[in-house]
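Here the structure is laid out as structure tokens; the discussion comes afterwards.
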Amino acid sequence: MTELSELVQKVVKSSSWWERHGVDISILACSFLLLPAGFLCLRSAQAIPFLLGVLTLGVVHHTLTVKGSHLASHNALTESKSWGKVWAVFFIELCSAFTVEQATYNHVKIHHGYTNIIGLGDSSTWKLPFLNRYIYMFIAPLAVPILTPLVALDLLRNVEWKAALRTLCCMFLGFYCHYWLLLHVSGFQSPWSALLCMLLTRSLLAHPYIHVNIFQHIGLPMFSAERKPKRIHLMSLGVLNLPRNALLDWSFGHSLISCHVEHHLFPSLSDNMCLKIKPIVSQYLKQKKLPYNEDTYSSRLWLFLQKYEELMVHAPPITELVGIQ
């Protein structure tokens with residue numbers, strides 16, 4: 001791991017600010033600039049402009065809430081810790097209706113700190129064994145915009161009252177601004193039609209969001225906390241990359257799609273930097289005879305439909321690597 005870290009650090013140090021942060025900040029800024037066009041398209045009584053508005057707002061929403069929140073949780077948008085906290089509150093609480101403290105704890109400290117460790121970072125929080133495969137894979141994702149703030153409200157019991165109050169204010173402001181813009185800019189006449197449009201745009205990419213989160217860890221080797229392998233073995237065995245996809249690369253970011261292995265090895269790097277170090281990481285792992293897991297979206301989808309009970313209902317088997325712990 002030290003050898004690989006040195007190779008990556010050389011690339012990072014030789015990269016410009018634009019490569020380290022600018023590219024991803026520009027994508028987020030472009031998404032903000034698309035918001036007026038999206039809301040104005042919804043004023044149209046014609047189907048094509050209206051659907052274009054829904055598509056625009058849906059992609060923008062997921063770019064801000066998935067890509068923006070993910071980068072902010074890792075402080076990958078800036079090298080300033082103070083600004084990092086500001087961006088985390090903005091993207092995670094205002095845009096995503098979640099709590100910064102719990103998002104950081106569960107994702108950064110638990111999921112990344114204990115990737116594929118049974119009972120800790122094994123992605124079991126994504127499992128809903130009482131749902132059958134078709135409900136879970138194709139219908140349940142539509143409820144993500146509703147379930148996310150409800151889960152956040154439940155988790156607020158675990159944070160200080162000042163942080164909880166800040167989260168509640170940000171969540172309310174984010175929802176109200178979205179609702180107000182639909183009524184006063186897009187021209188929705190009924191509160192219920194505005195709420196339905198909110199649900200539609202916020203769930204537009206909910207299916208790939210759920211799928212990506214389970215495809216890239218579940219079904220891969222899981223380990224016990226007592227006998228976990230070294231970090232580089234853990235990440236090479238327990239993380240999987242999907243192929244590049246223009247829509248998902250833009251809205252979710254490279255670190256969640258085609259550079260997930262790189263992201264888990266170097267979580268503080270931005271999406272663009274994960275893409276830049278990808279050839280170095282893949283070549284290094286292959287040279288060391290370590291796995292570099294890659295698979296297609298359709299292949300993983302078919303696997304989960306075929307082996308849903310084994311992967312999403314039953315407890316995963318524990319893998320033991322003899323001689324390399």
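The values are calculated or read from the model by the stated rules, or taken from the named source; none is laboratory data. Here the structure is a predicted model, which is why all the values come from computation and not from measurement. Neighbour counts are summed over all protein chains in view; Cβ atoms, including those assigned to glycine, are modelled from backbone coordinates with ideal geometry. Ligands, DNA and RNA are excluded from the accessible area calculation, which covers all protein heavy atoms including side chains. Shrake-Rupley method; radii C 1.70, N 1.55, O 1.52, S 1.80 Å.
Some observations on this one:
- The residues listed here are 273, 198; of these, the one that is crowded, with 22+ Cβ neighbours inside 10 Å and in a helix (DSSP H, G or I) is 273.
- Residue pairs meeting the criteria (Cβ under 7 Å; at least 6 apart or on separate chains; first without any contact (Cβ under 8 Å) to a residue 40 or more places away in the chain, in the stretch 87-108; second open to solvent by less than 20 Å² (accessible area, probe 1.4 Å) and assigned to a loop (DSSP other than H, G, I, E, B)): 87/77
- Listed conditions (1) closer than 19 Å to residue 296 by Cβ; (2) part of a helix (DSSP H, G or I); (3) among the hydrophobic types (A, V, I, L, M, F, W, C); (4) over 15 Å from the mean Cα position of the chain (by Cα) are all met by residue 232, apart from (1).
- For the stretch 265-321, the tally of residues that are farther than 21 Å from residue 126 by Cα, among the aromatic types (Phe, Trp, Tyr) and within 19 Å of the chain's Cα centre (by Cα) stands at 1.
- Flag for residue 262 being under 18 Å from the mean Cα position of the chain (by Cα) and either surrounded by fewer than 19 Cβ atoms within 10 Å (Cβ to Cβ) or in a helix (DSSP H, G or I) (or both): yes
- Filtered residue count, the stretch 150-189, keeping only those that are farther than 30 Å from residue 45 by Cβ and either surrounded by 12 or more Cβ atoms within 10 Å (Cβ to Cβ) or touching a residue at least 60 places away in the same chain (Cβ under 8 Å) (or both): 18
- Screening 316, 267 for residues that are modelled with pLDDT of 95 or more and not in a helix (DSSP H, G or I) leaves exactly one candidate, 267.
- Residues that are surrounded by fewer than 19 Cβ atoms within 10 Å (Cβ to Cβ) and either assigned to a helix (DSSP H, G or I) or acidic (Asp, Glu) (or both) were ranked within the stretch 215-229; the one that is modelled with the lowest pLDDT is 227.
- Residue 204 being outside any helix (DSSP H, G or I) and open to solvent by 40 Å² or more (accessible area, probe 1.4 Å): yes
- Candidate set from the stretch 242-254 (those that are open to solvent by 20 Å² or more (accessible area, probe 1.4 Å) and either assigned to a helix (DSSP H, G or I) or in contact with a helix residue (DSSP H, G or I) (Cβ under 6 Å, 6 or more places away or on another chain) (or both)); member that is nearest to residue 20 (Cα to Cα): 254
- Pairing residues of the stretch 284-304 that are touching a residue at least 12 places away in the same chain (Cβ under 8 Å) with residues that are open to solvent by 50 Å² or more (accessible area, probe 1.4 Å), at Cβ distances under 6 Å and at least 6 apart in sequence or on separate chains, gives 292/286; 296/243.
- Meets criteria (hydrophobic (A, V, I, L, M, F, W, C), touching a residue at least 12 places away in the same chain (Cβ under 8 Å) and within 30 Å of residue 240 (Cβ to Cβ)) for residue 142: yes
- Test: residue in the stretch 183-192 that is assigned to a helix (DSSP H, G or I) and under 18 Å from residue 64 (Cα atoms): no
- Screening the stretch 276-302 for residues that are part of a loop (DSSP other than H, G, I, E, B) and open to solvent by 50 Å² or more (accessible area, probe 1.4 Å) and picking the one that is farthest from residue 218 (Cα to Cα) gives 288.
- Hey, residue 257 of a type in the set (A, V, I, L, M, F, W, C), more than 17 Å from residue 5 (Cα to Cα) and open to solvent by less than 10 Å² (accessible area, probe 1.4 Å) or not: yes
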